[in-house]
1. Wholly within the range A:86-172, which helices (runs of 4 or more DSSP H) include no fewer than the required count, namely at least 1 residues that are free of Cβ contacts under 8 Å to residues at least 60 places away in the same chain?
2. Please state which of the following conditions residue A:177 fails to meet, knowing it meets all the rest: (1) over 23 Å from the mean Cα position of the chain (by Cα); (2) at the interface with another protein chain (Cβ under 7 Å from one of its Cβ atoms); (3) under 23 Å from residue B:52 (Cβ atoms).
3. If you take the residues in the range A:227-252 that are within 13 Å of chain B (Cβ to nearest Cβ) and in a helix (DSSP H, G or I), which one is farthest from residue B:152 (Cα to Cα)?
4. For the list (1) surrounded by 15 or more Cβ atoms within 10 Å (Cβ to Cβ); (2) at pLDDT 95 or above; (3) more than 14 Å from chain B (Cβ to nearest Cβ), I need the number of the one condition that residue A:255 fails.
5. Of the conditions (1) more than 9 Å from every other protein chain (Cβ to nearest Cβ); (2) closer than 20 Å to residue A:241 by Cβ; (3) without any contact (Cβ under 8 Å) to a residue 60 or more places away in the chain, residue B:191 fails just one. Which one is it?
6. Please go through the range B:15-45 and give me each residue that is at the interface with chain A (Cβ under 10 Å from one of its Cβ atoms) and surrounded by 22 or more Cβ atoms within 10 Å (Cβ to Cβ), ordered by number.
7. Considering only the range B:54-76, state which residues are within 22 Å of residue B:416 (Cβ to Cβ) and within 9 Å of chain A (Cβ to nearest Cβ).
8. With the checklist (1) buried (at least 24 other Cβ atoms within 10 Å of the Cβ); (2) touching a residue at least 60 places away in the same chain (Cβ under 8 Å) in hand, flag the one item residue B:73 doesn't pass.
């Protein structure tokens, strides 16, 4: 029943069912995603993917924006490239109960639809977005951590289903068609940990967005699939995980909102290293305050949860992530290289995954206990998107996305803030 | 080393390295695949997918053929739709050591490339095809049956890698780029058993073809990935299977040819039920020979391996597979329905998966011990493809595909035999 339960709930969801905190978080999630996608296009993975794909197409434009660029594309390619761009900086949002970055696949698929099947009102967009995010996060909670621990990239493996639910709802599929869409999306499982640190990591997200979108389009046209693709004996949950708890998790749909557990990153990298960075920033600020020369630092010792080392320990990084501090240039800066040689990180099971000492950071900035303020989110958007479309237009774009609930045509926002 | 070993072997492979039996089997596999794709387009899944996709594209033509139709498409959509069409009848080829249908994803991706990046000679096409098939089958053997038993559709889960190897070789990627292509393909795992019996089963194949093609295109343009996506601790083999034997299997590349274990189906359905059908056909022939009225049959009892029942037991089929005998009409024919009520199948562990009694069929027609003759393969092609493009053109198409080794432009064959 899980597939049917999810589909029926998603179709029944109305904007008026959303609580104010859920709507507020949806708006924040969407503009935070948009800032990442606009800013992210300036890095190679998104533009290389765009170039590779446009070189094999019989046309060189379409009717859907590739955010942060001057390109137009067909709906499927735009979903793929926007999905890649939105995650290339690792600067997006994170669900507190799983390592899912909920907005990426869902918003990447949905926004593409708003420029093809328009006008889509802001309220319809927000409702579909919430349905998609709840779907992927409930699915994630139902198989986490077993599914993640074996090596799946849980954002993209749940993301194709989330995107299918969101797009399917926006397109007004029937119950049976939405079940088909969910099941078609469920057989497309994208993303493994081995890609972390390569261009393929953001590809997972783009492909998940595109997979969900494709599934909804096929189902809309009558393409058939299982009616129980998520829960069947040889369907999604049992194939990709040694444990599943779909029935229990889906029974809380519309009661426990997963979106209310969303958090935003203050640094462009995986959440798991934020506490350590936050600690370093605080030490740096104290050092500057006390007029210490950073060149005199002899040794940096950090103790973190072992998972931090598993995911990030790379004493000689060759490639970066994004904004200024994460560029290749900064990674190779000689002062930084020298200091890096004196950094020692030790794993300590007694420390939770999101803490870091010296300055002991119990709740890193951007955690659910210590969230970014609206002003910080705005600053983040303007700095990041502004680096691509200019500060003034970034300010206008921020205003437009933060007022998304009041617009009658979401697609017009993307069109207004192209590069 | 597995990813590098595979990539290096594939790039080094020359047409002159192929033994005559391997070349012969490659040619048969390709024309058998082409007949299935041309004939398969007439069934809903392929044409519904085409309609769904073309409705969202900003153009309505491309430069690549959709086999069995009058449509032109971009390279990626053609690979998807041709892949769906080639498997919709379940009438294709099967690797004897696994349930992999090797040609589907590999040929669907490769043929699309020959109309975009032409001319591709028949010898280059055959060499790339063999590289792709060896890649997917070795990969399959390395994780079979554990990977299959959990519910993955092994044709498509290995097929995206096979397609990436084939296309990457045809495009002349460097060693490192082909490793990237393999790793990008490896994170796109498509297909689960729960879809069997629905339109989504052939979708697995089309999406795998498209995934492999996309991976090779991205890598060609410099899109990065892991260098060890297959064997890494959190890469393909460990994530999708509880057992893997990649190193041993890849050490036999170019020595034990998996393609030489390919078989062709005489009936449009899974190989596992062929012995039972073969038995029924023989009983039918005896009955006709003895002038028995088929309406007088009171009871049909079959004993088969339990796996046959798991995969096919459906006393009230609602949808079909393909050619005449498998149409919806035939499924609902009242004589057939009446007889069906008197069919009893019992599971018997003592009977192997490919045997059936009364007439005891030890090796079903089309098995590796009792293969279809070249004449039977030709008849199959002409009946199937002829139902779409006419008998005369099907005969010409058969001649062209069976002479593929001598052509200087493979893409011209598909263009010649459109609907």
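1. Values: elements: A:103-114, A:122-143, A:146-149, A:154-170.
It comes to A:122-143, A:146-149, A:154-170.
2. Just one mismatch for residue A:177, condition (2).
3. Residues of the range A:227-252 within 13 Å of chain B (Cβ to nearest Cβ): A:227-242, A:244.
Keeping just the survivors that are in a helix (DSSP H, G or I) gives A:236-240.
On the way: A:236: 10, A:237: 12, A:238: 10, A:239: 7, A:240: 9 Å.
Result: A:237.
4. Failed condition: (1).
5. (1)
6. If we filter the range B:15-45 for residues that are at the interface with chain A (Cβ under 10 Å from one of its Cβ atoms), which is where we start, we get B:44-45.
Across the range B:15-45, the qualifying residue is only B:45.
7. Across the range B:54-76, the qualifying residues are B:61, B:62, B:63, B:64, B:72, B:73, B:74, B:75.
8. Condition not satisfied by residue B:73: (2).
The values are calculated or read from the model by the stated rules, or taken from the named source; none is laboratory data. Treat the numbers as computed from the prediction; the structure is a model and nothing was measured. Here Cβ is always computed from backbone atoms with ideal geometry, including for glycine, and neighbour counts include all displayed protein chains.
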